[in-house]
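Each remark here refers to the structure printed beneath this line.
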Amino acid sequence: MEGFSPGADNNKGAILAVLAEWLPQQARLLEIGSGAGQHAIHMADELKHIDWQPSDRASVLPMLTNNVAAYGSANILTPITLDLAEDTWPAETFHCAYSANVMHIVSSELGEKLIRGAAKALAEDGLLALYGPYKYAGDFTTPSNADFDLWLKERDAQSGIRDFEWVRDLATRSGLSLQEDRQMPANNQLLVFKATAS
Ligand SMILES: C[S@@+](CC[C@H](N)C(=O)[O-])C[C@H]1O[C@@H](n2cnc3c(N)ncnc32)[C@H](O)[C@@H]1O
(Lines give C-alpha, C1' and ligand atoms only; values in the text may rest on other atoms or scores of the structure.)
Protein backbone atom coordinates (compact mmCIF):
# COMPACT_ATOMS: atom_id res chain seq x y z
CA MET A 1 0.00 0.00 0.00
CA GLU A 2 1.32 3.47 -0.93
CA GLY A 3 1.91 5.78 2.05
CA PHE A 4 1.31 3.06 4.68
CA SER A 5 1.33 4.50 8.21
CA PRO A 6 2.07 2.19 11.17
CA GLY A 7 0.19 4.64 13.45
CA ALA A 8 -3.00 4.40 11.41
CA ASP A 9 -2.69 0.62 11.46
CA ASN A 10 -2.31 0.56 15.25
CA ASN A 11 -5.36 2.68 16.06
CA LYS A 12 -7.82 1.50 13.40
CA GLY A 13 -9.26 -1.33 15.52
CA ALA A 14 -9.91 0.79 18.60
CA ILE A 15 -11.54 3.58 16.57
CA LEU A 16 -13.69 1.11 14.65
CA ALA A 17 -15.02 -0.35 17.92
CA VAL A 18 -16.26 3.07 19.10
CA LEU A 19 -17.60 4.18 15.70
CA ALA A 20 -19.55 0.92 15.43
CA GLU A 21 -21.34 1.79 18.68
CA TRP A 22 -22.46 5.14 17.31
CA LEU A 23 -23.15 4.66 13.61
CA PRO A 24 -26.74 4.02 12.55
CA GLN A 25 -27.72 1.41 9.97
CA GLN A 26 -27.37 2.40 6.31
CA ALA A 27 -25.31 5.49 7.08
CA ARG A 28 -23.36 7.62 4.63
CA LEU A 29 -20.04 8.72 6.13
CA LEU A 30 -17.69 11.46 4.94
CA GLU A 31 -14.06 11.09 6.03
CA ILE A 32 -11.96 14.27 6.00
CA GLY A 33 -8.17 13.89 5.58
CA SER A 34 -8.20 10.17 4.74
CA GLY A 35 -4.46 10.12 3.93
CA ALA A 36 -3.48 6.74 2.49
CA GLY A 37 -6.99 5.44 3.20
CA GLN A 38 -6.06 2.82 5.78
CA HIS A 39 -8.97 3.68 8.08
CA ALA A 40 -11.43 3.81 5.18
CA ILE A 41 -10.29 0.44 3.82
CA HIS A 42 -10.33 -1.35 7.18
CA MET A 43 -13.47 0.20 8.63
CA ALA A 44 -15.62 0.07 5.49
CA ASP A 45 -14.75 -3.61 5.12
CA GLU A 46 -15.99 -4.23 8.69
CA LEU A 47 -19.02 -1.92 8.38
CA LYS A 48 -20.66 -3.07 5.19
CA HIS A 49 -23.84 -1.10 5.97
CA ILE A 50 -21.88 2.17 5.71
CA ASP A 51 -21.19 3.97 2.44
CA TRP A 52 -17.76 5.43 3.17
CA GLN A 53 -16.71 8.57 1.29
CA PRO A 54 -12.94 9.18 1.64
CA SER A 55 -11.48 12.62 0.87
CA ASP A 56 -8.24 14.58 1.08
CA ARG A 57 -6.34 17.41 -0.58
CA ALA A 58 -5.74 17.18 -4.33
CA SER A 59 -2.05 16.31 -3.85
CA VAL A 60 -2.94 13.23 -1.79
CA LEU A 61 -5.82 12.04 -3.97
CA PRO A 62 -3.82 9.86 -6.46
CA MET A 63 -2.33 7.77 -3.61
CA LEU A 64 -5.69 7.55 -1.81
CA THR A 65 -7.53 6.61 -5.00
CA ASN A 66 -4.97 3.94 -5.95
CA ASN A 67 -5.12 2.35 -2.49
CA VAL A 68 -8.92 2.33 -2.39
CA ALA A 69 -9.03 0.81 -5.89
CA ALA A 70 -6.53 -1.90 -4.92
CA TYR A 71 -7.76 -2.80 -1.43
CA GLY A 72 -11.17 -1.20 -0.83
CA SER A 73 -14.50 -2.99 -0.44
CA ALA A 74 -17.48 -2.14 -2.67
CA ASN A 75 -19.00 0.21 -0.08
CA ILE A 76 -16.10 2.71 -0.36
CA LEU A 77 -16.99 5.49 -2.76
CA THR A 78 -14.42 6.95 -5.15
CA PRO A 79 -12.30 9.40 -3.12
CA ILE A 80 -13.03 13.09 -3.62
CA THR A 81 -10.96 16.25 -3.22
CA LEU A 82 -11.85 18.13 -0.07
CA ASP A 83 -9.30 20.80 0.84
CA LEU A 84 -10.15 22.65 4.04
CA ALA A 85 -8.26 25.68 2.71
CA GLU A 86 -10.68 25.89 -0.21
CA ASP A 87 -13.66 25.14 2.01
CA THR A 88 -15.65 23.44 -0.75
CA TRP A 89 -17.82 20.65 0.60
CA PRO A 90 -19.91 17.99 -1.15
CA ALA A 91 -23.46 19.06 -1.94
CA GLU A 92 -25.08 15.98 -0.38
CA THR A 93 -25.56 15.41 3.34
CA PHE A 94 -23.99 12.68 5.47
CA HIS A 95 -25.00 10.80 8.60
CA CYS A 96 -21.46 11.00 9.93
CA ALA A 97 -18.37 13.12 9.35
CA TYR A 98 -15.16 11.47 10.62
CA SER A 99 -11.68 12.89 10.80
CA ALA A 100 -8.62 11.30 12.42
CA ASN A 101 -5.37 13.05 13.19
CA VAL A 102 -6.19 16.14 11.16
CA MET A 103 -7.12 18.73 13.80
CA HIS A 104 -3.54 18.98 15.15
CA ILE A 105 -1.99 18.96 11.66
CA VAL A 106 -3.92 21.80 10.05
CA SER A 107 -3.89 25.41 11.29
CA SER A 108 -6.52 26.44 13.83
CA GLU A 109 -8.18 28.44 11.02
CA LEU A 110 -8.57 25.25 8.97
CA GLY A 111 -9.58 23.30 12.07
CA GLU A 112 -12.41 25.77 12.51
CA LYS A 113 -13.39 25.24 8.86
CA LEU A 114 -13.39 21.50 9.44
CA ILE A 115 -15.91 21.79 12.28
CA ARG A 116 -18.13 24.39 10.61
CA GLY A 117 -18.07 22.61 7.23
CA ALA A 118 -18.75 19.20 8.73
CA ALA A 119 -21.67 20.60 10.72
CA LYS A 120 -23.23 21.97 7.52
CA ALA A 121 -22.65 18.66 5.70
CA LEU A 122 -24.48 16.63 8.35
CA ALA A 123 -28.05 15.40 8.09
CA GLU A 124 -30.37 15.87 11.06
CA ASP A 125 -29.04 13.90 14.05
CA GLY A 126 -25.78 13.40 12.13
CA LEU A 127 -22.54 12.71 14.01
CA LEU A 128 -19.12 14.33 13.91
CA ALA A 129 -16.34 12.05 15.18
CA LEU A 130 -12.89 13.58 15.75
CA TYR A 131 -9.96 11.37 16.69
CA GLY A 132 -6.63 12.65 18.01
CA PRO A 133 -4.89 14.17 21.04
CA TYR A 134 -6.27 17.23 22.89
CA LYS A 135 -5.30 19.52 25.76
CA TYR A 136 -7.66 20.02 28.71
CA ALA A 137 -7.74 23.31 30.64
CA GLY A 138 -4.52 24.16 28.78
CA ASP A 139 -2.68 21.01 29.92
CA PHE A 140 -1.43 18.10 27.86
CA THR A 141 -2.75 14.75 29.04
CA THR A 142 0.79 13.29 29.10
CA PRO A 143 4.42 14.46 28.77
CA SER A 144 4.64 12.53 25.49
CA ASN A 145 1.80 14.61 24.04
CA ALA A 146 3.68 17.78 25.08
CA ASP A 147 6.74 16.45 23.21
CA PHE A 148 4.55 15.60 20.22
CA ASP A 149 3.19 19.17 20.20
CA LEU A 150 6.74 20.59 20.12
CA TRP A 151 7.65 18.21 17.29
CA LEU A 152 4.56 19.25 15.33
CA LYS A 153 5.35 22.96 15.75
CA GLU A 154 8.96 22.48 14.64
CA ARG A 155 7.65 20.96 11.40
CA ASP A 156 4.94 23.60 10.94
CA ALA A 157 4.39 26.50 13.31
CA GLN A 158 0.65 26.43 12.54
CA SER A 159 0.22 22.82 13.67
CA GLY A 160 -0.33 21.87 17.29
CA ILE A 161 -2.52 19.95 19.69
CA ARG A 162 -5.77 21.87 20.14
CA ASP A 163 -7.67 22.67 23.31
CA PHE A 164 -10.60 20.35 23.85
CA GLU A 165 -12.67 23.34 25.10
CA TRP A 166 -11.96 25.32 21.90
CA VAL A 167 -13.10 22.39 19.76
CA ARG A 168 -16.19 21.77 21.90
CA ASP A 169 -17.20 25.44 21.90
CA LEU A 170 -16.75 25.76 18.14
CA ALA A 171 -18.84 22.63 17.67
CA THR A 172 -21.53 23.96 20.00
CA ARG A 173 -21.68 27.22 18.05
CA SER A 174 -22.06 25.16 14.85
CA GLY A 175 -25.09 23.34 16.28
CA LEU A 176 -23.27 20.21 17.46
CA SER A 177 -23.51 18.92 21.02
CA LEU A 178 -20.87 16.74 22.64
CA GLN A 179 -22.12 13.18 23.17
CA GLU A 180 -18.94 11.45 24.26
CA ASP A 181 -15.27 12.10 24.93
CA ARG A 182 -13.78 8.60 24.87
CA GLN A 183 -10.24 8.03 26.06
CA MET A 184 -8.39 5.95 23.49
CA PRO A 185 -5.05 4.09 23.48
CA ALA A 186 -1.81 6.05 23.02
CA ASN A 187 -3.08 9.24 24.70
CA ASN A 188 -5.73 10.04 22.11
CA GLN A 189 -9.42 10.86 22.39
CA LEU A 190 -12.43 10.19 20.22
CA LEU A 191 -14.87 13.10 20.44
CA VAL A 192 -18.40 12.38 19.23
CA PHE A 193 -20.77 15.29 18.54
CA LYS A 194 -24.36 15.20 17.34
CA ALA A 195 -26.19 17.72 15.17
CA THR A 196 -28.99 19.16 17.22
CA ALA A 197 -32.24 20.41 15.70
CA SER A 198 -32.06 24.14 14.99
C1 LIG B 1 -1.61 12.85 10.02
S2 LIG B 1 -2.48 12.65 8.52
C3 LIG B 1 -3.87 11.66 9.01
C4 LIG B 1 -4.28 10.70 7.96
C5 LIG B 1 -5.32 9.67 8.41
N6 LIG B 1 -6.58 10.30 8.72
C7 LIG B 1 -4.82 8.88 9.59
O8 LIG B 1 -5.36 9.01 10.69
O9 LIG B 1 -3.86 8.13 9.41
C10 LIG B 1 -3.20 14.25 8.27
C11 LIG B 1 -4.05 14.33 7.01
O12 LIG B 1 -4.60 15.64 6.93
C13 LIG B 1 -4.63 16.00 5.57
N14 LIG B 1 -4.72 17.44 5.38
C15 LIG B 1 -3.74 18.37 5.60
N16 LIG B 1 -4.17 19.59 5.22
C17 LIG B 1 -5.42 19.44 4.73
C18 LIG B 1 -6.37 20.32 4.16
N19 LIG B 1 -6.08 21.62 3.98
N20 LIG B 1 -7.56 19.82 3.77
C21 LIG B 1 -7.85 18.50 3.93
N22 LIG B 1 -6.98 17.60 4.48
C23 LIG B 1 -5.78 18.07 4.85
C24 LIG B 1 -3.31 15.43 5.03
O25 LIG B 1 -3.30 15.36 3.62
C26 LIG B 1 -3.28 14.08 5.73
O27 LIG B 1 -3.91 13.08 4.98
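The values are calculated or read from the model by the stated rules, or taken from the named source; none is laboratory data. Quick caveat: nothing in here was measured; it's all calculated off a predicted structure. Methodologically, a virtual Cβ is constructed for each residue, glycine included, from the backbone with ideal geometry; neighbour enumeration extends over all protein chains shown. Each accessible area value is taken on the protein alone, full model and side chains, heavy atoms only, with ligands, DNA and RNA left out. Shrake-Rupley method; radii C 1.70, N 1.55, O 1.52, S 1.80 Å.
Worth pointing out:
- Residues (of a type in the set (D, E, K, R) and more than 13 Å from the chain's Cα centre (by Cα)) located in segment 9-36: Asp9, Glu21, Arg28
- Here Gly138, Gly126 are screened, and the one residue that is among the small types (Gly, Ala, Ser) and touching a Ser or Thr at 6+ places or on another chain (Cβ under 9 Å) is Gly126.
- Matching residues, segment 143-161, being closer than 26 Å to Leu16 by Cβ and open to solvent by 30 Å² or more (accessible area, probe 1.4 Å): Ser144, Phe148
- The single residue among Ala44, Ala27, Ala58 that is crowded, with 16+ Cβ neighbours inside 10 Å and at pLDDT 95 or above turns out to be Ala44.
- In the set (1) open to solvent by 60 Å² or more (accessible area, probe 1.4 Å); (2) more than 15 Å from the ligand (Cβ to nearest atom); (3) closer than 22 Å to Phe4 by Cβ, Ser73 fails one condition alone, (1).
- When Ala121, Ala137 are checked against the criterion of being touching a strand residue (DSSP E or B) at 6+ places or on another chain (Cβ under 6 Å) and not basic (Lys, Arg), Ala121 stands alone in meeting it.
- Residues of segment 177-196 classified as among the acidic types (Asp, Glu) and closer than 10 Å to Leu130 by Cα, total: 1
- Selection status of Asn66, within 11 Å of the ligand (Cβ to nearest atom), open to solvent by 50 Å² or more (accessible area, probe 1.4 Å), assigned to a helix (DSSP H, G or I) and of a type outside the set (D, E, K, R): no
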